[in-house]
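The values are calculated or read from the model by the stated rules, or taken from the named source; none is laboratory data. No experiment lies behind these values; they were computed from the predicted model shown. Quick reminder, even Gly has a Cβ in these numbers, built from the backbone with ideal geometry, and neighbours come from all protein chains shown. Remember, those area values only see protein heavy atoms, side chains included, never the ligands or the DNA or RNA. Shrake-Rupley method; radii C 1.70, N 1.55, O 1.52, S 1.80 Å.
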Amino acid sequence: VTPLLSELTASTKRLALVGLAKNTGKTVALAALLRELEARGRRVGVTSVGRDGEERDAIDFRIEKPRIELAGGSLVATTDVLLRASTLPHELLEQTDIRTPLGRVLIARLRGPGAIEVAGPSGAADVRAVSDAMLSYGAEQVLIDGAIDRRAASSPDVADGLVMSTGAVLSRNIEEVVRQTVEAVELVRLPLAENGFQALRLAPRFALTAEGEQLAALLDAHPDARRLEVAGALPDRFLRELLHAARRRHRELGVVVSDPTKVFLSQRGPAWYAAQGIAIQTRCSIDLKAITVNPVAPQSHDLDSAQLRALLAETIGDVPIFDVLDTDYAGTRSLATGP
Amino acid sequence: MRSVDLKAVRPYADHLDDGLVQLSFTLPVPYSLAARKAALELAGRMGFEEPEVVHYEQLTDGYTYFVMYGRCTQTVDFTSLQGEGFDIEYMGEDEIERFAAEHVGRPIVVVGASTGSDTHSVGIDAMLNLKGYHGHHGLEGYRSFKTYNLGSQVPNGVLLAKAIEVGADAILVSQTVTQQNLHVHNLTELVEMVEAEGKRREMILACGGPRVTNELAKELGYDAGFSKGTYPNHLATFLVRELAARVGASAA
């Protein structure tokens, strides 16, 4: 029997939902999870790094968005403006100092069920703070919804596990959707840095701006360095320059980051870099619990859901893959035949 | 005299609540009676009651320009929009200087750029450069701001490195957001890089562009979004207020 999304993620106290782009179905996955958790009587806390439960897409007004329905007793971190607009009865637990373009973030307990727009803190440290606050107010699990393609909330500094959403919106070509998704999964599951080698710590911000010449000079000054340690962000531009400089010197190098959300790739994935002799490694890993797919690109095209999932499963293997709206998903079946 | 009902606000021209709206547009049809009829029908479909064409003329062969009036039957609840985040009343330049001196007490450092492949620097120039626009000079002309304009097509990493190097209080980025994911990705990537460098709580992030709303700014992870019709003093008002609130919060 295929498990439910809620069962797979049951042990994850702070669960991040992250999409590879806008309209990959994060919020639909969140709504499915909420329904399942409500059926099991689990008290949840919900926040969003963006905005969820709005009626229309902020860029393309033709696209209608899924609503967020919360059970009575749920905790929520959203703004004063949106909480008031929901008109749901609630108990105000905390007024934070966090300001967003949509108002100040509050933490509240709902006294009754209903639909609400959720817009919590945007910054990772603030997301962690409100998540911990909701846990301390009695939430058994906190769901952190991402926004667009933002990944920072899936950092192990913020969340304990990740559900990744992908979909047809990435490309009309199913192989291209699979390629981009596989690269995103490779990135999330970067190999852990092995201990034992002497790592060369790069100066702060060096990776942000270094040009080819500076990299060449760095490699020549440290002929024995096998690994470079980057404290902050690792942009693609740096990796391309590094690859160039390393090839000329016939050297293979590891580049170590603190976690996968620090890596910013554009054209190529981690496997490609590894094959070229640049191994991207991480100090902390992200626990990828499941992948959800949305076979529909709004206002554009559809892909075949079962085929997309099969192709992904072939390459990715050991991560459960769901389309929570497909009739073959256990959650939709139990809803249809439910009590 | 009739008083304004802020729960049901609608446009007016002659007397309060008459709903009159003036609209102008061009149709790609020849200047003719049929063109006039098309304009009336279109305004009707837009929901205007009693539409009338007050002026129309040929723009060029095959194109007609219209000025119309119509009665709008819809209202908005202004009281629901006055919550925090929407209630900023803009300060003028002198007021901003006084406020900054009193509540911040040091120059506010702002670094701006158009990022990625975006070649449009008009927006960022209007906000930052002394010249400004429409007679409102940019932040460079304020005593209370120290600005760095890095220009256009700036990689996110370079913008961020500069901002960290000069101890920026705020990063201002301009981007023409379209339905293409690329532009949106440029904006989110900057936010994520700021996070990766551990600087998110230290920096105010603002984005601007023709289609940027507060709702979109929130999704993108920015502290504010600015769109068409923004003058430098609007941006400056937000920055001094936000910084003052942060200074206040950390002092408390």
Self-check item: chain A, relative contact order in percent, only Cα pairs under 8 angstrom and at least six apart counted
Solution: 20 percent
Quiz prompt | Whole-percent carbon and sulfur share, accessible surface of region B:133-244, 1.4 Å | solution = 47 percent
Exercise. Specify the angular offset, from 0 to 90 degrees and rounded to the nearest 10, of the alpha carbon long axis of helix A:124-136 from the longest principal axis of the alpha carbons in chain A.
Key: 40 degrees
Quiz prompt | Alpha-carbon centroid distance for the pair region B:1-76 / region B:122-152, whole angstrom | solution = 37 Å
Quiz item: Quick one: with all protein chains in place, what share of the accessible area of chain A is carbon or sulfur, to the nearest percent (1.4 Å probe)?
Solution: 49 percent
Quiz item: Over its Cα atoms, what ratio of radius of gyration to 2.2 N^0.38 Å does chain A give?
Solution: 1.06
Exercise. Just report the Cα centroid separation between region A:163-202 and region A:102-159, whole Å.
Key: 25 Å
Quiz item: In the Gaussian network model of chain A, springs joining C-alpha atoms below 10 Å, which of A:267, A:180, A:198 carries the largest mean-square fluctuation?
Solution: A:267
Exercise. Please calculate how many Å² of accessible area the protein assembly as shown carries per residue, with a 1.4 Å probe and no DNA, RNA or ligand atoms counted.
Key: 45 Å²
Quiz item: In the calculated pair distance distribution of region A:139-291, what percentage of Cα-Cα distances lie above 18 Å?
Solution: 60 percent
Quiz prompt | Spin-label proximity, residue A:328 to region A:296-318 - amide N less than 20 Å from point 7 Å beyond Cα toward beta carbon | solution = A:296-297, A:302-318
Quiz item: Residues in region A:137-156 near a label at residue A:95, defined as backbone nitrogen under 20 Å from the 7 Å Cα→Cβ point?
Solution: A:137
Quiz item: What are the residues of region A:102-124 that lose 10 Å² or more of accessible area, with a 1.4 Å probe, going from their chain alone to all protein chains?
Solution: A:102, A:103, A:104, A:122, A:123, A:124
Quiz prompt | Gaussian network model of chain A, Cα within-10 Å springs - most flexible of A:266, A:258, A:122 | solution = A:266
Quiz item: What do you reckon, how do A:229, A:252 stack up by accessible area (1.4 Å probe), largest on top?
Solution: A:252, A:229
Quiz item: What distance in nm separates the simple spin-label points at residue A:55 and residue B:131, each placed 7 Å from Cα in the Cβ direction?
Solution: 4.3 nm
Self-check item: Buried area at the B-A interface (accessible, heavy atoms, 1.4 Å probe, summed, Å²)
Solution: 3600 Å²
